[in-house]
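First comes the structure, then the notes that go with it.
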Amino acid sequence: MSTLGVVGGGAVGLGVAWRAAEAGWSVTLFDPAIGSGASWVAGGMLAPLSEGWPGEERVLEFGAASLARWPEFAARLEQLSGVAVFVADETLTVALDAADAADLRTIAAWVGGHGHDLQVLDRAGVRALEPALARTVRAGLLATAEPAVDNRRLLDGLRKACVAAGVQVRAEAVADLDRLDADQVVLAAGAASAGLRPDLPVRPVKGEILRLRHRPGATPAPRRVIRARVHGRAVYLVPRDDGIVVGATQYEAGFDTTVTVGGVRDLIADAEAILPGIAEYELAEAIAGSRPGTPDNLPLIGRLTDRIVVATGHGRNGMLTTPLTVDAVLGELAGSPLPDARSADPRRFTTPTASVSSSLGGIR
Ligand SMILES: Cc1cc2nc3c(=O)[nH]c(=O)nc-3n(C[C@H](O)[C@H](O)[C@H](O)COP(=O)(O)OP(=O)(O)OC[C@H]3O[C@@H](n4cnc5c(N)ncnc54)[C@H](O)[C@@H]3O)c2cc1C
């Protein structure tokens with residue numbers, strides 16, 4: 001049996017380890033603190049359509065291809081682990097002013113032109129769906145095909161699936177990929193990946209996020225993911241069984257995961273502008289993590305050497321893009337790269353024709 005070493009036990013590494021073990025590899029996963037990285041911190045939105053914007057075709061198509069894989073991925077995970085991961089079925093982006101309402105129509109038209117359905121709603125339409133939202137909300141964009149997952153249940157399910165599939169776990173940090181005793185190696189160390197392969201253009205992008213717990217008598221949490229822009233800042237609310245996740249700030253701050261007063265203040269103020277009732281919730285947790293960012297907002301998935309495959313750089317979309325990443329890595333290990341993952345080929349940064357933009361847009 002061929003041996004595989006997986007470096008990093010976030011959603012990506014755990015997903016790869018599980019499915020590779022099922023495919024017949026003898027898998028060892030290395031991580032000194034499994035599930036403690038960005039995957040533990042995340043909001044759990046799966047929203048490539050609502051995040052669409054003219055000019056970002058490759059990001060849209062990559063995200064949509066992974067979204068299409070989520071139902072089967074989640075069903076297999078639940079079958080094996082007993083863990084159900086979905087917490088919402090739909091995503092509603094709302095506008096507070098005329099400029100944001102115009103942006104929603106732009107997104108609907110552009111994403112619609114790529115074959116994905118989004119519905120523009122007026123004020124009454126939004127209120128009919130989510131009556132607890134602020135009266136200042138004037139328009140909405142409904143994505144009926146965009147669910148959300150509980151990221152921590154996902155990690156729990158993936159760990160159980162790994163155990164069930166026979167993955168060996170070693171609570172160790174890997175310092176040198178060349179010294180790993182395995183036929184093949186998958187590098188999935190998130191924002192820390194460039195520490196092991198300095199040629200990879202991955203950098204940490206800090207994000208702060210809050211967990212609010214519902215208290216008796218408080219306004220019920222929205223049933224859908226709610227996304228908005230307040231004072232030019234992005235904010236989102238993702239339902240959980242016991243409340244709401246409010247995210248997220250975004251800074252270029254190196255590997256700093258300190259939660260700042262200013263970050264918490266802005267998140268609470270912006271969330272309250274959308275859902276006034278959150279003031280009655282318990283502030284249960286404030287946490288920060290490092291998104292693994294790349295220059296063009298697409299991940300790095302593919303073969304680096306005869307022995308090393310990389311799966312990192314998932315930025316603000318790593319929950320969304322885990323199922324496609326897992327399929328792409330399995331395809332690479334089997335010698336048949338997946339056409340859907342071509343735009344994530346890490347060689348795009350090392351060829352003369354590589355075209356990159358420097359923005360890190362979106363609201364995760
Ligand atoms: C605030 C915030 C909100 C987000 N919201 C969303 C969202 O709503 N939707 C979405 O799709 N995505 C979201 N993301 C992005 C998503 O969380 C990440 O893209 C995703 O978790 C990356 O997964 P990963 O497995 O690559 O990395 P991680 O989860 O960071 O895991 C990397 C693992 O590698 C391990 N490691 C590091 N170095 C070594 C080493 N030398 N040896 C062994 N192991 C090592 C670490 O211990 C860690 O467990 C969000 C991120 C943040 C920070």
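The values are calculated or read from the model by the stated rules, or taken from the named source; none is laboratory data. Please read these numbers as outputs of a predicted model, since none were measured by experiment. All Cβ positions, even for glycine, are placed from backbone atoms using ideal geometry, and neighbour counts span all protein chains on display.
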*residue 331: small (Gly, Ala, Ser), surrounded by fewer than 24 Cβ atoms within 10 Å (Cβ to Cβ), at pLDDT 95 or above and more than 8 Å from the ligand (Cβ to nearest atom), yes or no?*
yes
*For region 225-232, does any single residue satisfy the condition of being loosely packed, with under 15 Cβ neighbours inside 10 Å, modelled with pLDDT under 95 and more than 9 Å from the ligand (Cβ to nearest atom)?*
yes
*Would you tally the residues in region 136-175 being touching a strand residue (DSSP E or B) at 6+ places or on another chain (Cβ under 7 Å) and within 25 Å of residue 64 (Cβ to Cβ)?*
10
*The listed residue being assigned to a helix (DSSP H, G or I) and at pLDDT 95 or above, out of 267, 320*: 267
*Can we say residue 78 is touching a residue at least 24 places away in the same chain (Cβ under 8 Å), under 22 Å from residue 9 (Cα atoms) and surrounded by fewer than 20 Cβ atoms within 10 Å (Cβ to Cβ)?*
yes
*Are any of the residues in region 84-94 closer than 27 Å to residue 225 by Cα, aromatic (Phe, Trp, Tyr) and free of Cβ contacts under 8 Å to residues at least 60 places away in the same chain?*
no
*Using beta carbons and a limit of 6 Å, which pairs, at least six apart or on different chains, have the first residue in region 233-260 and within 25 Å of residue 202 (Cβ to Cβ) and the second one at pLDDT below 95 and crowded, with 22+ Cβ neighbours inside 10 Å?*
248/364
*Search result, residues across region 179-203 that are in contact with a helix residue (DSSP H, G or I) (Cβ under 9 Å, 6 or more places away or on another chain), outside any strand (DSSP E or B) and not acidic (Asp, Glu)*: 188, 189, 190, 191, 196, 197, 200, 201, 202
*Looking only at region 1-19, which residues are more than 6 Å from the ligand (Cβ to nearest atom) and not in a loop (DSSP other than H, G, I, E, B)?*
3, 4, 5, 6, 14, 15, 16, 17, 18, 19
*Would you check which residues across region 271-299 are within 10 Å of the ligand (Cβ to nearest atom) and assigned to a strand (DSSP E or B) and list them?*
287, 288, 289, 290, 291, 292, 293
*Quick one: in region 302-317, which of the residues that are assigned to a loop (DSSP other than H, G, I, E, B) and surrounded by 21 or more Cβ atoms within 10 Å (Cβ to Cβ) is farthest from the ligand (Cβ to nearest atom)?*
313
*From (1) under 21 Å from residue 41 (Cβ atoms); (2) of a type in the set (A, V, I, L, M); (3) touching a helix residue (DSSP H, G or I) at 6+ places or on another chain (Cβ under 7 Å), pick out the condition that doesn't hold for residue 253.*
(3)
*asked:* For region 20-58, which positions are in a helix (DSSP H, G or I), in contact with a Leu (Cβ under 9 Å, 6 or more places away or on another chain) and surrounded by 24 or more Cβ atoms within 10 Å (Cβ to Cβ)?
replied: 20, 39
